[in-house]
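The values are calculated or read from the model by the stated rules, or taken from the named source; none is laboratory data. Everything numeric in this text was worked out from a predicted model, so none of it was measured. Methodologically, a virtual Cβ is constructed for each residue, glycine included, from the backbone with ideal geometry; neighbour enumeration extends over all protein chains shown.
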Amino acid sequence: MSDDNQTEIPAENYPKIGNYTFDLEEKLMSILALRSQMGSDAFTAGHLGTEREGHGVLISENGLVLTIGYLITEADTIWLVDATGVATPAHTVGYDQETGFGLVQALGKLTVPHLSLGESSALQVGDPIIIGGSGGIEKSVAASVVSKREFAGYWEYVLDEGIFTAPAHPFWGGSGAIDRAGNLVGITSLFVQQATAEDTPFHGNLIVPIDLFKPIMSDLVQYGRVQKPPRPWLGIIMSEIQNALVVASINERGPAKTAGLEVGDIILGVNGNQVDDLTSLFRGIWRVGQAGVKVPLIVVRDGEIMEIGVSSVDRNSILKSPKIH
């Protein structure tokens, strides 16, 4: 999986040196190109591909690089490339399914400065923000925060408060969000077509807030994952169609497939409780218990209402673990 790194950023969207009190070019040097390769047997190879490209942000002097997890999940090899073209091998330290963050360790000396972690909670709607890409000013976007709100992803993912910015960065994956003080306040996860809270389409990016990373950093470094009971995972991809929650895809190696759930099934409830949107569906699943619990779903199929129990799993248990752990 890779974003379209051939897409040009309009010059009017470049951050301009005179608009910042810090050394803009120096800060952007901290953002590296990240290239990873996975084996064809990787669990995520089918939908994310075996070659992935994006960005990572150097966050410490000892070579820790923060990125978005889908770029490095199950990676066999990782390379980091700085603005001068120097490539350094790296390996996965860990990734967190709940937040989406991924952490990488460079295996050689990186001769670029690192970014300090800021406070994403301090960001307000309207605040300026730089979506920094590897390659400096011409690969970065001067944006602003257009909303902060809950976000539900169709792949069993929910953020209590994602940061939405615009205009959009066309090569977004793992790019660093830098605030007006020059600190890292998030990592870019997605391109979105509705960045504002209103219904009007507005292209932008979803940023995962850095405040979610700080409490889990030590666990990721030490264990490769957060040390708390994992959420139940079913292996479903959902879609909202005319206010109905429809199963759009089922992972062939996931528990939903084993339980007999089918593409086109409409999910009405979880554990006896009605669900109306992706957020209530996923939160309902997670409330049943930790990974391994049987999740009762109320499903409509061909006009017939039925209950299907899905024996959930820990998603990490079916992924290749980082070699260091």
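Considering each of Gly292, Gly224, Gly284, Gly235 in turn, give the residue that is under 29 Å from Asp76 (Cβ atoms), surrounded by 16 or more Cβ atoms within 10 Å (Cβ to Cβ) and at pLDDT 95 or above. Matching residue, one of Gly292, Gly224, Gly284, Gly235: Gly235. When residues in the range 107-158 are screened for being touching a Ser or Thr at 6+ places or on another chain (Cβ under 9 Å), touching a residue at least 40 places away in the same chain (Cβ under 8 Å), closer than 19 Å to Ile9 by Cα and not hydroxyl-bearing (Ser, Thr, Tyr), 9 of them pass.
Considering the range 60-93, the residues that are outside any strand (DSSP E or B) and touching a helix residue (DSSP H, G or I) at 6+ places or on another chain (Cβ under 9 Å) include one that is surrounded by the most Cβ atoms within 10 Å (Cβ to Cβ), namely Leu71. If you go through the range 250-281 and keep only what is under 24 Å from the mean Cα position of the chain (by Cα), more than 20 Å from Pro230 (Cα to Cα) and crowded, with 17+ Cβ neighbours inside 10 Å, you end up with just Ile250.
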